[in-house]
Amino acid sequence: IAARAAGSKVAIPLAKLQPLKSVGGSISLKVKDKLLLLIRDGANSVRALNPVCTHRQCVVAFNAGENKIKCPCHGSQFDLNGRVIHGPASRPLETYAAELAGEQIIVTL
């Protein structure tokens, strides 16, 4: 049986993430020395991405009105899967598995 490297799961209480209590909310926070951008993209779902732009390492932000992740420095844009939809960035944002479980968000780093 092959051993598979598993990431470490981190549970974050939803009570500490006020913006994520409603769909369209987002927040950046540091978890276990990693900066995360968490986005509430549905009633029962959440996304987790590394918010450091792959172009020049600026910190991106979620734009709920356009449903895109945007970099304030040079205008790169990413979809909710971290894929580049507008350069100059050429590489996608790193993503992490995330789930909404009751009153907490579980992210696998």
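The values are calculated or read from the model by the stated rules, or taken from the named source; none is laboratory data. Predicted, not measured: the structure shown is a model, and the values here were computed from it. As a convention, Cβ positions derive from the backbone with ideal geometry for all residues, glycine included, and neighbour counts pool all protein chains shown. Heads up: the accessible areas ignore ligands, DNA and RNA and are worked out on the full protein's heavy atoms, side chains in. Shrake-Rupley method; radii C 1.70, N 1.55, O 1.52, S 1.80 Å.
The loop-placed trypsin sites (Lys or Arg not before Pro) in the stretch 1-74, going by DSSP, that have at most 13 neighbouring Cβ atoms within 10 Å of their Cβ come out as Arg4, Lys32, Arg56. Think of a 1.4 Å ball rolled over the protein heavy atoms: the chain then has 57 Å² of accessible area per residue. Estimated at 0.36 nm per residue, the fully extended path between Ala97 and Ala11 surpasses their Cα-Cα distance by 29.8 nm. The structure shown yields P(r) over Cα pairs in 10 Å bins from 0, in percent, and of the options (1) 15, 46, 29, 8, 1; (2) 13, 33, 20, 13, 12, 7, 2, 0; (3) 13, 31, 26, 16, 9, 4, 1 that calculated value carries the label (1).
For Ala43, put the label point 7 Å out on the Cα→Cβ axis and report which residues of the stretch 6-35 keep their amide N under 12 Å from it. From the stretch 6-35, the list is 23. The accessible surface of the chain, taken with every protein chain in place and a 1.4 Å probe, is 50 percent carbon and sulfur.
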